[in-house]
Amino acid sequence: MVCLFFSTIEVTRQVFYRTAQTYAIVNLKPIVPGHVLVCPCRPVPRLADLDSSELTSLITSVQHVGKVIERVYGADALTVSCQDGKAAGQSIPHVHFHLLPRHLHGDRFSRNDDIYPALERAEASLSQNLQAQGATGGGEEGHEPLKVDADEDRAPRGIEEMVQEAEWLKKFFEQSS
């Protein structure tokens, strides 16, 4: 199996969907249940760094993953977000889209737009943690699992919990093929 990296972080076991040019992973600190990331396989920092084939594949994957995640989590809609560059709040220099299932009733955020500051805080804490690690990993084969400082009441999940969710989600993508 080919290893996949989110910037310098090996995330192969967290992958639940993959194409030749993209992959989707479960989130270390989901803001809402079902919060996932969709990334290009090639780790580039900005959307403009993708060629047209990669960009098409990425957006197609965002659309496909979004449809399945919305159905699986019984959502009424999705928040789809991409911080494109450091000034926009991007903390990991690898293009990625956040997909967050949303509900008209019973959503964690009573005001829909309150999700954006939560996303911004999540990205900022990830950046701070990577700076503390030197952004190079260092565990087995020069990489280690992603660790993020706690913010709000969302504690980082362990690798086994993320792998379990990824394995569960894979089944829905096998059914949708």
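The values are calculated or read from the model by the stated rules, or taken from the named source; none is laboratory data. Keep in mind that what you see is a predicted model, and the values were worked out from it rather than measured. In this analysis, Cβ positions are derived from the backbone assuming ideal geometry, glycine residues included, and neighbour counts consider all displayed protein chains.
Could you tell me whether any residue of the range 96-118 is more than 16 Å from ILE25 (Cβ to Cβ), modelled with pLDDT of 50 or more, of a type outside the set (Ser, Thr, Tyr) and in contact with a strand residue (DSSP E or B) (Cβ under 6 Å, 6 or more places away or on another chain)?
Looking for residues that are more than 16 Å from ILE25 (Cβ to Cβ), modelled with pLDDT of 50 or more, of a type outside the set (Ser, Thr, Tyr) and in contact with a strand residue (DSSP E or B) (Cβ under 6 Å, 6 or more places away or on another chain), one finds at least one in the range 96-118, hence yes.
Among the residues of the range 23-34 satisfying the criterion of being modelled with pLDDT of 95 or more and not hydroxyl-bearing (Ser, Thr, Tyr), which is surrounded by the most Cβ atoms within 10 Å (Cβ to Cβ)?
Residue satisfying both the conditions and the ranking: ALA24.
I need the full set of residues from the range 1-60 which are of a type in the set (S, T, N, Q) and in a strand (DSSP E or B), in order please.
The answer is THR22, and nothing else.
Is at least one residue of the range 65-72 more than 12 Å from LEU99 (Cβ to Cβ), in contact (Cβ under 8 Å) with a residue 24 or more places away in the chain and assigned to a helix (DSSP H, G or I)?
Yes: one or more hits.
Just wondering, is there one or more residues in the range 60-67 that are of a type in the set (Gly, Ala, Ser), in contact with a helix residue (DSSP H, G or I) (Cβ under 9 Å, 6 or more places away or on another chain), modelled with pLDDT of 95 or more and closer than 24 Å to GLU167 by Cα?
No.
Which members of the range 46-59 meet the condition of being of a type outside the set (D, E, K, R), under 15 Å from SER81 (Cα atoms) and in contact (Cβ under 8 Å) with a residue 40 or more places away in the chain?
Matches in the range 46-59: LEU47 only.
Starting from residues that are surrounded by fewer than 17 Cβ atoms within 10 Å (Cβ to Cβ) and either in contact with a Leu (Cβ under 7 Å, 6 or more places away or on another chain) or charged (D, E, K, R) (or both), keep the ones in the range 91-113 and report whichever is nearest to PRO43 (Cα to Cα).
Once the filter is applied, the top-ranked residue is ASP113.
Which pairs have Cβ atoms under 6 Å, sit 6 or more apart or on different chains, and link a residue in the range 1-22 that is surrounded by 17 or more Cβ atoms within 10 Å (Cβ to Cβ) to one that is part of a helix (DSSP H, G or I) and among the aliphatic types (A, V, I, L, M)?
Within 6 Å, the pairs are ARG13/VAL163; GLN14/MET162; GLN14/ALA166; PHE16/ALA166; PHE16/LEU169; TYR17/VAL65; THR22/LEU58.
Would you say ASP107 is among the charged types (D, E, K, R), under 13 Å from VAL32 (Cβ atoms), part of a loop (DSSP other than H, G, I, E, B) and in contact (Cβ under 8 Å) with a residue 12 or more places away in the chain?
yes
If I filter the range 80-90 for residues that are surrounded by 14 or more Cβ atoms within 10 Å (Cβ to Cβ), in contact with a Lys or Arg (Cβ under 6 Å, 6 or more places away or on another chain), among the hydrophobic types (A, V, I, L, M, F, W, C) and modelled with pLDDT of 85 or more, do I get at least one hit?
Within the range 80-90, none of the residues are surrounded by 14 or more Cβ atoms within 10 Å (Cβ to Cβ), in contact with a Lys or Arg (Cβ under 6 Å, 6 or more places away or on another chain), among the hydrophobic types (A, V, I, L, M, F, W, C) and modelled with pLDDT of 85 or more.
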